[in-house]
Structures are given as structure tokens and as C-alpha cells.
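The values are calculated or read from the model by the stated rules, or taken from the named source; none is laboratory data. These numbers come from a predicted model, not from an experiment. Glycine also receives a Cβ, built like all others from the backbone with ideal geometry; neighbour counts cover every protein chain displayed. These accessible areas exclude ligands, DNA and RNA; they are computed on the full protein's heavy atoms, side chains included. Shrake-Rupley method; radii C 1.70, N 1.55, O 1.52, S 1.80 Å.
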Amino acid sequence: MDGIGMETAVDPIALFGAWLKDARASEPNDATAVALATATRDGAPSVRMVLMKQVDQRGFSFYTNAESQKGLELAENPHAAMCFHWKSLRRQVRITGTVTELPGAEADDYFHSRSRLSQLGALASQQSRVLASRELLVARVEKLEEVFPGEVPRPDYWRGYVLRPERIEFWKDGAGRLHDRILFSRSEDSWRKERLFP
Ligand SMILES: Cc1cc2nc3c(=O)[nH]c(=O)nc-3n(C[C@H](O)[C@H](O)[C@H](O)COP(=O)(O)O)c2cc1C
């Protein structure tokens, strides 16, 4: 495990990649599931799970409905946080930073890589608004199946986002509660690395 060592790592994105690889090998499902916290303009927080779809030097990407609660909160306050917890590894990664939208072409590509049913579902869902009954949702999908027998267009509200990390903290379970915590903080073009008390 731990292909890149927590002790020697200088690039938190590379270390995250190594930990995600371990998680994919040991978690029963959804190793990329992550708690995403957003907040209103005046700081009232909310949190929910999303699937992190890509990690690269830009940051941590996910897709959602821009008109959902999280989408509306991100539009008025770009500050956000993520927390991965891989129970099978007893490891946690916490990230804070600011969120921007991914280019539309990237969202198009990912949208069309998903199953037809997922695409229709995204089109049918007015995410986070009140739904009178499940039947109504099923009927909306059936209707859309007829309207779009071929390619399903990506709805404008279905967007990709990327969390640009300012801080990334790696936490690893240790014997006798002597856990390891390593914090990377962005400073200019590099990362400052510090150990924290557990
Ligand atoms: C494991 C898991 C993964 C999820 N992945 C996503 C996702 O990638 N995008 C998304 O919009 N919702 C995802 N959801 C649903 C969200 O948790 C949430 O219910 C929905 O996005 C509405 O959130 P909001 O009202 O806070 O905006 C996922 C839920 C779970 C349990």
C-alpha cells in the first residue's frame, strides 16, 4: 500500500492518487465517494455525498445540477470543502478551496459517456426541488425517452465543477491513537508541508 509515502511526498495530488489507488483496491464500492460541503453567502453550511470524477493539477472534479442546493450555494459562495473517508484503510483526506465550473465541452463529454438512462434521469430531475410523487419522475423519464429517441442533449443546468485545493490534509490511523496527520497548504507555486498533532 501507500505507493508514494506520506512521509516523503512533496506533491499532495500525487499522494492523493496513490491513496485513491489503494482505496479502489480495498473499498467494496464507490472509492471516489466524497462528502462535499458548501455554504450560503452568510455561511450556513450543508453537506452531501458526490462522486469525484477526476483529479489532476486543477483539483477535484464532480458533476451536479447547477439548480440544486449545492449548485445555488456554489453560485453565491465558491468556498467549499471535501472529505474522503476510506473505512477499509482507516484513512481520511480533507480538502478546502474554491470551486469553479469546468468548460462546457468537458461536461458534454462526461455527460455523453454515461448510460442513456442516467442521461434521461439527469434531464428529468429538478434536483433538490419538491417532487410530488415517484410516479411523476418515472413519467417524466418515459416522456423524455420519446422526445429524444437518439442522443440526449446535456441540459445546461447539468455542469461540471472543480475544487481547487488550498489545503489538503492526509490522516492515517496509527496505533494508540497516534495518528499521522500531514497538511499541505498552497504557497505561491508550491506546497508547504507540515505535520499536525493528531
Ligand atoms: C455515494 C453517493 C454519490 C452521489 N454522487 C452524486 C453526484 O456525483 N452528483 C450529484 O449531484 N449527486 C450525487 N449524489 C446525491 C447527493 O448526495 C444529493 O442527494 C444531491 O446531489 C442533492 O444535493 P443538494 O440538494 O445538497 O444539492 C450522491 C449520493 C451518494 C450517496
Among (1) touching a strand residue (DSSP E or B) at 6+ places or on another chain (Cβ under 8 Å); (2) without any contact (Cβ under 8 Å) to a residue 60 or more places away in the chain; (3) within 18 Å of R164 (Cα to Cα), F60 falls short only on (2)
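Taking the options R41, R48, R24, name whichever one is basic (K, R), in contact with a helix residue (DSSP H, G or I) (Cβ under 6 Å, 6 or more places away or on another chain) and without any contact (Cβ under 8 Å) to a residue 40 or more places away in the chain.
So the residue among R41, R48, R24 that is basic (K, R), in contact with a helix residue (DSSP H, G or I) (Cβ under 6 Å, 6 or more places away or on another chain) and without any contact (Cβ under 8 Å) to a residue 40 or more places away in the chain is R41.
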Would you call K53 within 12 Å of the ligand (Cβ to nearest atom), farther than 30 Å from R177 by Cα and buried (at least 19 other Cβ atoms within 10 Å of the Cβ)? no
By residue number, the members of the stretch 24-46 that are surrounded by 14 or more Cβ atoms within 10 Å (Cβ to Cβ) and hydrophobic (A, V, I, L, M, F, W, C) are A31, A33, V34, A35, L36, A37, A39
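Take the conditions part of a strand (DSSP E or B) and either more than 15 Å from the ligand (Cβ to nearest atom) or not small (G, A, S) (or both) and apply them to R159. Does it pass?
Details: part of a strand (DSSP E or B): yes; either more than 15 Å from the ligand (Cβ to nearest atom) or not small (G, A, S) (or both): yes.
Answer is yes for this residue.
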Report, by residue number, each residue of the stretch 123-146 that is open to solvent by less than 90 Å² (accessible area, probe 1.4 Å), free of Cβ contacts under 8 Å to residues at least 40 places away in the same chain and not in a helix (DSSP H, G or I). L131, S133
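Looking at R116, R164, R159, R90, which is the one that is in contact (Cβ under 8 Å) with a residue 24 or more places away in the chain, open to solvent by 70 Å² or more (accessible area, probe 1.4 Å) and over 24 Å from D11 (Cβ atoms)? Outline the logic, then answer.
On the way: R164 fails: over 24 Å from D11 (Cβ atoms); R159 fails: open to solvent by 70 Å² or more (accessible area, probe 1.4 Å); R90 fails: over 24 Å from D11 (Cβ atoms).
Going through R116, R164, R159, R90 in turn, just one is in contact (Cβ under 8 Å) with a residue 24 or more places away in the chain, open to solvent by 70 Å² or more (accessible area, probe 1.4 Å) and over 24 Å from D11 (Cβ atoms): R116.
Yes/no per residue for (1) within 12 Å of the ligand (Cβ to nearest atom); (2) not in a strand (DSSP E or B):
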| residue | (1), (2) |
| --- | --- |
| K21 | no, yes |
| A31 | yes, yes |
| L36 | yes, no |
| G43 | no, yes |
| S46 | yes, no |
| L72 | yes, yes |
| A80 | yes, no |
| F84 | yes, no |
Of everything in the stretch 57-70 that's open to solvent by less than 40 Å² (accessible area, probe 1.4 Å) and not hydroxyl-bearing (S, T, Y), which residue is farthest from the ligand (Cβ to nearest atom)? G59
Any chance A139 is of a type in the set (A, V, I, L, M, F, W, C) and over 19 Å from Y63 (Cα atoms): yes
Looking at T64 and the list (1) touching a Lys or Arg at 6+ places or on another chain (Cβ under 8 Å); (2) assigned to a helix (DSSP H, G or I); (3) of a type outside the set (D, E, K, R), which single condition is not satisfied? (2)
